[in-house]
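Where a number appears in this text, it was derived from the coordinates with a stated rule and is not lab data. These numbers were taken from a predicted model, which means no experiment stands behind them. Every residue, glycine as well, gets a Cβ built from its backbone with ideal geometry; the counts of neighbours run over all protein chains shown.
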Amino acid sequence: MSLTSHSPTMTTLAPVTAGVSKRNGTLLEHRVLPGGEWDRLVSTFDGVCQEQLFAYASLRWPGVDLEPVLFSEGDKVLGGALVMLQRLPLGVATVALIKWGPFLAQSEGLDRDVVMERMIDTLVAEYASKRSMMVSIMSHAEAGEVNGMAAILAARGFKPGVGVKYPMRYVVDVSLDDTARLAAFSQKWRYNLRKAMKAGLAFETGAPGDIGRFMTLYRAMSERKLFPDYSGIDTLEGLMAMPDGTARPELFFVSQGDKTIAGAAIFTAGTTACYLYGATDDAALDLRAGYLLHWHIIGWLRDNTKARLYDLGGTDGFAGLHQFKSGMVGDAGHISPLPPTMNFASHWPAFAAGTAAYKGREMLTRGRDAVLTARLEMQKRLRRGARA
């Protein structure tokens with residue numbers, strides 16, 4: 001019943017016939033690209049994110065079919081959507097899931113809402129009407145009281161489904177100069193940053209070959225902290241193996257002398273950068289290494305990319321992460337919820353089967369999380385007992 005299966009089966013692209021969708025007189029062309037070609041092309045798109053990369057999705061969700069759909073009008077490319085096709089048990093229906101898409105090739109010089117509506121219309125025509133699937137779209141968090149993408153989907157007839165357990169996302173404005181950025185941090189964040197600046201730590205940008213250095217730090221942290229890890233860290237080595245000229249992540253490190261004490265893998269393509277994975281050792285907390293690391297990452301993004309925003313992700317309910325991330329957002333940026341998944345089907349059996357699958361997956365996930373959390377807590381107690 002899983003909508004994002006972790007089975008090892010590799011899948012092939014199902015063919016989609018190039019065509020058009022027509023609604024209120026508008027036309028939109030679309031075609032499916034091979035995975036490698038897709039990743040090279042969309043790496044230059046303003047709206048690209050890691051969830052919309054073939055290299056990421058094929059590793060993160062190996063049990064689904066992937067269809068990278070490119071939208072265009074004449075000679076002008078407008079945007080794209082990586083569609084994940086999850087076939088439900090017994091072949092009762094298929095869900096066409098788009099995570100953090102569709103997305104625009106460029107965000108300036110056009111009516112973004114109109115283009116987005118036309119891409120959604122094309123997806124509905126192809127997957128819901130023509131192929132009798134349920135179309136599910138997971139939108140980005142947006143600043144303001146109303147999520148624009150969710151509003152467009154609702155107006156198109158999409159219905160809200162399940163949401164994530166901890167929906168709040170923390171997004172930093174990286175366009176400010178150092179003085180304005182420092183002033184925007186919370187008072188406590190500035191205090192900890194200044195402490196880190198006086199600790200004799202060194203910041204450096206890594207290279208793709210430093211993946212082993214990062215993973216050594218990450219594995220040591222995981223073993224030490226014993227936390228439930230649903231991050232998809234096993235995708236990072238594949239992402240770092242992407243060729244030059246693609247949306248390959250960047251690695252950043254903070255060291256104390258010859259010892260690496262903190263590191264981060266950051267998705268830097270498009271107008272919104274994204275924190276993917278981070279790791280620290282025991283010394284990093286007292287030295288406030290995470291503050292220095294992110295201070296320099298923000299400056300690097302501003303000076304070396306077209307990113308205007310830096311998405312820090314969520315907190316998974318950890319109060320310490322909320323304090324750290326909300327202080328970094330400060331007065332510039334936003335803390336906003338991810339809207340629930342929005343679903344649409346032209347045929348009621350597909351909608352009923354898809355909705356039931358999501359509900360079943362939610363129940364299974366909650367049970368899995370409870371069992372894993374209890375097991376890790378037991379391991380922590382046994383470790384504390386052994387030390388005593």
Quiz item: All other residues with a Cβ under 11 Å from the Cβ of E29 taken together, and with Lys, Arg as +1 and Asp, Glu as -1, what is their net charge?
Solution: +1
Practice problem: Give me the distance between the Cα centres of the stretch 33-101 and the stretch 290-334, rounded to whole Å. | Solution: 27
Quiz item: Efficiency by 1/(1 + (r/R0)^6): what FRET value for A143 and L321, r their Cβ-Cβ distance, R0 = 22 Å, to the nearest 0.05?
Solution: 0.60
Exercise. Determine the gain in length on full extension of the stretch A241-R219; use 0.36 nm per residue of separation and subtract their C-alpha separation, reporting nm with one decimal.
Key: 6.0 nm
Quiz item: Using a basic spin-label model with each label point 7 Å from the Cα along Cα→Cβ, how many nm lie between D282 and L90?
Solution: 5.5
Quiz prompt | Table column - 3J(HN,Hα) (Hz), the stretch 153-169, Karplus curve with 6.51, -1.76, 1.60, x for Gly and Pro | solution = 5, 4, 5, 7, x, 6, 10, x, x, 6, x, 7, 5, 10, x, 5, 10
Quiz item: Along the stretch 290-303, what does the Karplus equation 6.51 cos²θ - 1.76 cosθ + 1.60 (θ = phi - 60°) give for ³J(HN,Hα), rounded to whole Hz, x for Gly and Pro?
Solution: x, 5, 5, 4, 6, 4, 6, 4, 4, x, 5, 4, 4, 8
